[in-house]
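Colleague: Here you go, one structure.
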């Protein structure tokens, strides 16, 4: 990004002095900041003019004030949510990778479990959430379970697709070079699949 | 196991026959790929197989290598008859270099040693002398993307050599290169094989390449593939590629090959 910007900032007119640092920062962050400020201003003004009750639509000034008053509470709860997300994400990546590998190495597992896995995606998470609460209580774990469930699928799909889309010529080549099944996995399949595994992980994270 | 050995040595086997194909037929469903191929290759002999695209020459190589088992007939490499045993005795060099982009040149060339359980550092040390010997010194740590097509093909050949096998199966090794690079590579390969004799089966659709690099050329017909003509070649080692290609013996042999190919 910064490279693109600096390319644009030095046009082919050689005499022109390169813009100073402050100016570059202003060029880059000025326009979006202005839009944000304008949006808040219009929002505030519209509420003032139309006299909308604040419990229906709060103006930015009131929101800022409330955040300030409850800052301690907010930080604490954000921390817990972040924790739930990270733990759930960690479980999802670990389980997704393990499950992907299992399906890759066992044709039987792939044939029997992969269609079910895909079908299971049609169950909405909202339906499962109450079940988790009933089984796991109200603490951290039902939320972790929901996050895990949500993130699990893209990781599995990324892993399986990545591993099975390796060019078969590489595998033939490795076979004539004394590779074992494990050697092919370690030296060819897994490294080749990494980009897709990461794509799956990124999809899971967002 | 460290780098004391300067060159991968191959356990000496008594001379005579290295590869023997008897009445080999190959079918893929309805498609008949090979019909009654019989071939005996001596140890350290170089044999070329030429034929039009789709005549089954790559299939033949896969069958010799042990990647597939022919529908009928037997293929023996020394005393090895089963697919797995053949796989252990051959090294295949494919048309595409198939270098792993995340490994450096030397780590690519050393992969067969790693596959056999040699530690990465030792594998590298044992591979290094080859890079100097074959004009790739200082390119060891480059990634494949940083190498030219000819250099990548050399690294691929070194990788095949480092498998330390007596039998090299070359599947159109230079087909992806431009003609000038290809000429250079042919000369390079010829020198390399004179330094390090191996039993070579070279599959190509380039008649010149087959005549130049091998001692015997089998001409195959279009599908279903069968051997229609065998030509003995062997040009003296001290002559350059240009001298050979422009000689009258070469032209005569080439005419015979082209005639057999019905070109």
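Colleague: Evaluate E = 1/(1 + (r/R0)^6) for residue A:58 and residue B:53, where r is the Cβ-Cβ distance and R0 equals 56 Å; express this FRET efficiency to the nearest 0.05.
Modeller: In this case the efficiency is close to 0.15.
Colleague: OK, next. Over the Cα atoms of chain B, what radius of gyration and what Dmax do you get, in Å?
Modeller: Cα-based Rg and Dmax for chain B come out at 18.2, 53 Å.
Colleague: Using Cβ counts within 10 Å as a stand-in for footprinting exposure, how do A:170, A:114 rank, fewest first?
Modeller: Lowest count first: A:114, A:170.
Colleague: Then there is this: Using only the Cα atoms of the range B:98-215, what are the Rg and Dmax in Å?
Modeller: Expressed in Å, the Cα Rg and Dmax of the range B:98-215 come to 13.9, 41.
Colleague: Order of A:160-167, A:52-59 by packing, highest average Cβ count within 10 Å first? It would help to have the intermediate numbers written out before the result.
Modeller: On the way: A:160-167: 17.1, A:52-59: 11.2.
Highest-to-lowest ranking by the protection proxy: A:160-167, A:52-59.
Colleague: Within a 10 angstrom radius of each residue's Cβ in B:229-239, how many Cβ atoms of other chains show up on average? Whole number is fine.
Modeller: Mean number of neighbouring Cβ atoms from other chains: 0.
Colleague: Moving on to the next point. Viscosity 1.002 mPa s, temperature 20 °C: what is the translational diffusion coefficient of the range B:168-263 from Stokes-Einstein with a Kirkwood Rh over Cα pairs, rounded to a whole number of µm²/s? Don't jump to the answer; show the numbers that get you there.
Modeller: Values: Rh = 13.9 Å.
This corresponds to a translational diffusion coefficient of 154 µm²/s.
Colleague: By count of other Cβ within 10 Å, fewest leading, how are B:167, A:123, B:106, A:63 ordered?
Modeller: By the 10 Å Cβ count, ascending: A:123, A:63, B:106, B:167.
Colleague: Alpha carbons only, please: Rg and Dmax for the range A:71-205, in angstrom.
Modeller: Expressed in Å, the Cα Rg and Dmax of the range A:71-205 come to 18.3, 65.
Colleague: Turning to a different aspect of this structure: For residue A:128 and residue B:181, what is the calculated FRET efficiency with R₀ set at 56 Å and r taken between the beta-carbons, to the nearest 0.05? Walk me through the numbers before you get to the answer.
Modeller: Details: r = 60 Å, r/R0 = 1.08.
Efficiency computed from Cβ-Cβ geometry: 0.40.
Colleague: Quantify how strongly other chains surround peptide A:27-38 by giving the mean number of their Cβ atoms within 10 Å of each of its Cβ atoms.
Modeller: Other-chain Cβ atoms within 10 Å of each residue's Cβ, averaged: 0.
Colleague: If you count, for every residue in B:111-117, the Cβ atoms of partner chains within 10 Å of its Cβ, what is the mean? All intermediate terms of the calculation are to be shown ahead of the outcome.
Modeller: Values: counts 8, 7, 2, 6, 11, 5, 3.
So the per-residue partner count for this stretch is 6.
Colleague: Same structure again: To the nearest 0.05, how large is the calculated FRET efficiency for residue B:119 and residue A:33 if R₀ is 51 Å and r is the Cβ-Cβ distance?
Modeller: Given R0 = 51 Å and the Cβ-Cβ separation, E is 0.35.
Colleague: Please give the direction-averaged projected area of the C-alpha convex hull for the range B:10-87, in square nanometres with one decimal. Please list the in-between numbers first.
Modeller: Details: hull surface 21.6 nm².
Average of the hull's projected areas for the range B:10-87 equals 5.4 nm².
Colleague: Averaging sequence separations of C-alpha pairs under 8 Å and six or more residues apart, then dividing by the length of the range A:110-198, give the relative contact order as a whole percent.
Modeller: After rounding, I find 30 percent.
Colleague: How much mean residue ellipticity at 222 nm does the protein assembly as shown get from its helices, if each DSSP H run of length 4 or more adds -39500 (n - 2.57) and you divide by all residues, to the nearest 500 deg cm²/dmol?
Modeller: Computed mean residue ellipticity for the protein assembly as shown: -17500 deg cm²/dmol.
Colleague: Per the Debye formula with a single identical scatterer at each Cα and no solvent contribution, what log10 I(q)/I(0) holds for the protein assembly as shown at q = 0.05, 0.07 Å⁻¹?
Modeller: -0.35, -0.59
Colleague: Counting other beta carbons within 10 Å of each Cβ, put B:79, B:42, B:234 in order, fewest first.
Modeller: Arranged by neighbour count, lowest to highest, B:79, B:42, B:234 become B:79, B:234, B:42.
No lab work stands behind these numbers, since they all come straight from the coordinates. Given the structure is predicted, the values throughout are model-derived calculations rather than measurements. We place every Cβ from the backbone using ideal geometry, glycine too, and count neighbours over all the protein chains shown.
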